[in-house]
């Protein structure tokens, strides 16, 4: 059995005071969610205040990115040891916005994954196709390339830390969402790919989240699919009531 993970990616939102208040509301509303895991990822500048709020709770702390070098002349970057020191438990890697706007590649994803696991951070590795790629029928090929390239430096002893997030780019922030069957088809394919990149046992144990306009009114049906192990939530994670409805999906 894979424990569901409901993760909130706050992106470029929330001042420190807003982050503190939102985190507190999520901690308070997640206390009874004992059969699932919760994680929230604020901006770097709010990691410390959110870490204080989630300390001792069942809510984990994620970073929205990580750099692969531990230190050095890399202006603006934040390393895995720094994130671990900031009490992070997870790091989101390869989000489509990082790929689209900041030049993220499968190569840089692989290096970041290796740095994360070496510092006891669970990498949430994002994969997904654009609308043009889906309409061209190349979804599975795109996913295969991203999985193979992004996980090529993941040591076998760290397989249990891995989380995959399937985020169809055409469904992020658009209000569109893959149908539960579309999500399940891709998630099942990802699990088969993981059997070749990792091992069959590791593939079976790896959680695969769906990310792409997850909302209170579609989470229940999405979570009925056997290979959907949780959600990576964007906009809805910024409203405590909406995110808590997702966290407390009907199981």
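The values are calculated or read from the model by the stated rules, or taken from the named source; none is laboratory data. Source: prediction; values computed, not measured. Ideal geometry is used to build each Cβ from the backbone, glycine not excepted, and the neighbour counts take in all protein chains shown.
For this structure, a couple of remarks:
- Subset tally (residues that are closer than 15 Å to residue 210 by Cβ, modelled with pLDDT of 95 or more and not in a helix (DSSP H, G or I)) for the range 143-176: 4
- Helices (runs of 4 or more DSSP H) within the range 58-136 that include 1 or more residues crowded, with 19+ Cβ neighbours inside 10 Å and touching a helix residue (DSSP H, G or I) at 6+ places or on another chain (Cβ under 6 Å): 80-85, 96-102, 106-118
- Tally, over the range 32-45, of residues that are in contact with a helix residue (DSSP H, G or I) (Cβ under 6 Å, 6 or more places away or on another chain) and surrounded by fewer than 22 Cβ atoms within 10 Å (Cβ to Cβ): 1
- Exactly one residue out of 243, 249 is modelled with pLDDT of 95 or more, assigned to a loop (DSSP other than H, G, I, E, B) and more than 23 Å from residue 151 (Cα to Cα): that is 249.
- Screening 161, 176, 145 for residues that are under 22 Å from residue 9 (Cα atoms), in contact with a helix residue (DSSP H, G or I) (Cβ under 8 Å, 6 or more places away or on another chain) and free of Cβ contacts under 8 Å to residues at least 40 places away in the same chain leaves exactly one candidate, 176.
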